[in-house]
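Please treat every number below as a calculation from the coordinates, not as lab data. What you see is a predicted model; the values in this text were computed from it and never measured. Cβ sites come from the backbone with ideal geometry, for glycine too, and all protein chains shown count toward neighbours.
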Amino acid sequence: MRAIRTFAIVAVIAFLSSAAFAQRDFSKVEIKVTKVSGNVYMLEGSGGNIALSVGDDGVFMVDDQFAELSPKVHAAIKSITDKPVRFLVNTHYHFDHTSGSSEWGKETTILSAENLRKRLEAGSSVRGNVTPPAPKSALPVITFDSAITVHMNGEDIRVLHTPHGHTDGDSIAIFPKSNVVHMGDQVVTYGLPFVDTDGGGNLLGMIENVEKTMASLPDNVKIIPGHGPVLSKTDVKQYTEMLRDCIALVSAAVKKGKTLDQLKSEHVLAKYEDKGKGFVKTDEYIEMIYNDLKKTK
């Protein structure tokens, strides 16, 4: 996998820490614009990656980062096109991907999976950090159970609900003509990925979602992850293989009668210690897999 990008780690940590979020200085954040392929661009700043389909019909936008960055995101889009943002889809409810919806919802139409709207409307708690119910302007006005297609800019843009992945409200956005897919936080590059089990997420479900999506796309597809640089299918294959190996290592130890404390003390995921030094720690991953295996049993 490619090198970890510092801004991605900081963004996710800020997302999960109320204190860190309150102290962030968004004035120092710059929005980087990258043309990915065809008419699709990626914006990187603080928070989740944004995808844009740009053309004569306007702009189709995926995710929106933090509300405080909305003016800078506006400016970045204006550097590409003068067309309005007609649609915005959120890949999942975490506020490093949806906080900006409170601003964007005043001028565009927001789409999402049904479960995402429910979680935004109800408010949430992730790792003990409470997010209050989203304002009305941030709530999706069009929701779907399994899929929706938006026909614009010469693309049949397909947004697919991929349940029980990073959360229970995940969606991916496929731009078939441009040969690009935005995977949300089901694919990230900051090390071991965070799985929001309290938000209906499941590690095995996430792996299966990613593998099924990759199998349906061309080998040269460009993959926009939730955090980090544009990836190839080879990159994503290495990522899912790592996650499956983590499950296999914990499962093998559990079958030998090892307790959770033993799994941690014996460093059953030692080969991935370097991946577990960032936002998600190795011991935390061991515990998550262990609990999932117990539930499955």
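Worth a mention:
- Each Cα pair under 8 Å and six or more residues apart adds its sequence gap; the mean of these over the residue count of region 6-239 is a relative contact order of 16 percent.
- With contacts taken as Cα pairs under 8 Å at a separation of at least 6 residues, region 117-195 carries a relative contact order of 16 percent.
- With both residues required to sit in region 6-239, DSSP beta bridges show an antiparallel share near 70%.
- Annotation: the residues LEU204, LEU43, sorted from fewest to most other C-beta atoms within 10 Å of their own C-beta, follow the order LEU204, LEU43.
- Residue order, fewest to most beta carbons within 10 Å, for GLU44, GLU266: GLU266, GLU44
- Helical segments meeting 15 Å axial Cα length and Kyte-Doolittle -0.5 threshold in the chain (DSSP H): 6-16, 203-215, 233-255
- Region 6-239: C-alpha gyration tensor shape, a/c 1.5 cut-off, then a/b vs b/c: rounded
- Using R0 = 35 Å, the C-beta based FRET efficiency linking LYS35 and GLU287 works out to 0.30.
- As a calculated quantity, the FRET efficiency between THR109 and LYS177 at R0 = 22 Å, using C-beta atoms, amounts to about 0.55.
- Residues VAL141, VAL180, VAL40, sorted so that the one with the fewest Cβ neighbours within 10 Å comes first: VAL141, VAL180, VAL40
- Inter-site label distance for THR81 and LYS212 at 7 Å from Cα along Cβ, in nm: 3.0 nm
- The stretch between ILE247 and ASP261 holds 3.4 nm of extra length on full extension. This uses 0.36 nm per residue minus the Cα-Cα distance.
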